[in-house]
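Down below is the structure, laid out as structure tokens.
Please treat every number below as a calculation from the coordinates, not as lab data. Since this is a predicted model, take the numbers as computed values, not measurements. Because the Cβ atoms are built from the backbone with ideal geometry, glycine has one as well, and the counts that use them run over all protein chains shown.
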Amino acid sequence: MNAPHTEPFLTLQEIVAAARRNLAPGPWSYLVGGAETETTVRRNRQALDSIAFRPRVLRDVSSIDSSADFFDKKIRLPVMLAPIGGLESIVEGGAASAARGAAQFGVPLMLSSVCQPGLEATAAAADSVRVFQLYVRGGDAWVDDHVKRALDHGYAAFCLTVDVAMYSRRERDLIGRFVKPWRATAPAGSNFQSGLSWDQVKRFKDKHGVPLVLKGIATVEDAEIAVQHGVEVVYVSNHGGRQLDHGLGSASVLPQIVAAVGGRAEVWVDGGFMRGTDVVKAIALGAKTVGLGRLPCLGLAAAGAPGLVRALEILENEIQTCLGLLGVTSFAELTPRHVTAAAPVAEPGVFSAFPLLGDPADH
Ligand SMILES: Cc1cc2nc3c(=O)[nH]c(=O)nc-3n(C[C@H](O)[C@H](O)[C@H](O)COP(=O)(O)O)c2cc1C
């Protein structure tokens, strides 16, 4: 499925092109697609493209440190592999390959509960910094069992994804008749997490001491409720535009949520982050960690774990170039004064961050 890593990729654009060549139409559409009109997908990019930089000069940037903290661990960049269900349809070895790449490069992996080879085998595959993300498909005892297994296998935190009350209409998958391996075994007619409420978050916090991440917060109102429940991380996300269509871009709601949370929890963000400049924008606006969804998958699809490592190396190069050109030597020196609003110059799309290739979705 994935070509050996023979190409010396110099740009992320080449990695996207290689991924496109390697993936069959079904997995490709599953990876790149969003819900219904894919307006939320486009807004994620539009929000990032609506932020411009305000560079400062003559500040001796001869030595740049782009590392960050993740709970009590040092990581190489303030980014994390966001949870991806069904990675096994994108790369041989599924999450085990992702874990190997993440560990080799030095960034955390959040493992989806609907990804093979599962919680234990992924932990055994590589000693990556890791978080476990659960889709709640059982009762309290079932959830508690997953928490125990995650803690027993070195996961540093637990995540509930909360933007999936219903499973959305992914029209690329529907038109292509692509059935995700893990959806094929879901109970017929199941409405995903429609029964979940803040009561379960309260129960979780009362029962478990593990840091809790709530992924899929998109409003200041819910960020406030999350903080009141004592969650450690408010993860701003619209699921990469794959759940509710016609939402706002993540980067456009980030500043208000950072302000509302006011340091009472960490704020993480994802949605459309494809470039080093995107990551720098989020950190300048107050995010602690940026989740990468499709980008690592493209690296994995291009060339397996080495392809993921290469994608992250290029991202690191982009980030360090951006930091230096902004006149800062570390993320700690970045402030909201380094960014400002600006009109986007490109038509937003899932691949608008890679303009030299045209739109690989059309290929
Ligand atoms: C193929 C694919 C599968 C995903 N599966 C999950 C999942 O199992 N659990 C989850 O919380 N989010 C899932 N997501 C959402 C990502 O974790 C993340 O929120 C999103 O991809 C970020 O946007 P980006 O792809 O534009 O970076 C998935 C995303 C993709 C692209």
Low-density loop cleavage sites - GluC sites (Glu not before Pro) in the range 67-139, where at most 13 other Cβ are within 10 Å (DSSP)
Glu92
Could you list which residues have their amide H under 5 Å from that of Val79, counting only those 5 or more apart in sequence or on another chain, with H placed in the peptide plane?
Val290
Which one, Leu356, Leu334, Val253, is farthest towards the positive end of the dipole of the range 211-363 when Lys and Arg carry +1 and Asp and Glu -1 on their Cβ?
Leu334
Farthest positive-ward along the chain dipole, Cα basis, beta-carbon charges - from Gly324, Ala125, Ile175:
Ile175
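Normalised by the number of residues in the range 208-342, what is the relative contact order in percent for Cα pairs under 8 Å and 6+ residues apart? Write down the numbers at each step before the final one.
Details: 201 pairs, mean separation 25.8, N = 135.
Taking the mean separation of contacting Cα pairs over the length of the range 208-342, I get 19 percent.
Determine the sum of side-chain charges near Arg203: Lys and Arg each +1, Asp and Glu each -1, restricted to other residues whose C-beta is under 10 angstrom from that of Arg203.
Values: positive: Lys202, Lys205, Lys207; negative: Asp140, Asp144, Asp199, Asp206.
Every neighbour counted, the sum reads -1.
Do you know the relative contact order of the range 98-158, to the nearest whole percent, from alpha carbon pairs under 8 angstrom that are 6+ apart?
Contact order relative to length: 36 percent.
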For the range 236-338, take every pair of Cα atoms, bin their distances at 10 Å starting from 0, and report each bin as a whole percent.
15, 41, 34, 10, 0
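Lys and Arg at +1, Asp and Glu at -1: add these up for the other residues within a Cβ distance under 12 Å of Ala218 and post the number. List each step's numbers first, then the result.
Values: positive: Arg43, Lys215; negative: Asp163, Glu221, Asp222, Asp270.
Net charge around Ala218: -2.
Relative contact order for the chain using alpha-carbon pairs under 8 Å, separation at least 6, rounded to a whole percent? Write out the running numbers ahead of the final one.
Working: 757 pairs, mean separation 108.6, N = 363.
Contact order relative to length: 30 percent.
Would you compute, from DSSP H runs of 4+ residues alone, the mean residue ellipticity of the chain at 222 nm, taking -39500 (n - 2.57) per run and dividing by the full residue count, rounded to the nearest 500?
On the way: 13 runs with 144 residues, N = 363.
Roughly -12000 deg cm²/dmol at 222 nm, from the helical runs in the chain.
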Can you tell me the dipole magnitude for the chain around its Cα centre, using point charges on the Cβ only (Lys, Arg +1; Asp, Glu -1), in Debye to the nearest 20?
100
Just to compare against my own numbers: the Cα pair-distance distribution for the chain, 10 Å bins, whole % per bin, please.
5, 26, 37, 25, 6, 0, 0
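If packing is taken as the average count of other Cβ atoms within 10 Å, what order do 153-159, 254-260 fall into, highest mean first? Don't skip to the end; give the middle numbers.
Values: 153-159: 20.0, 254-260: 18.4.
So the order, starting with the most tightly packed, is 153-159, 254-260.
What is the local net charge at Ala282, summed over the other residues whose Cβ is closer than 10 Å to its Cβ (Lys, Arg +1; Asp, Glu -1)?
Details: positive: Lys281, Lys288; negative: Asp270, Asp278.
Charge balance in the 10 Å sphere: 0.
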So how do 137-146, 97-106, 161-170 stack up, highest first, on mean other-Cβ count within 10 Å?
97-106, 161-170, 137-146
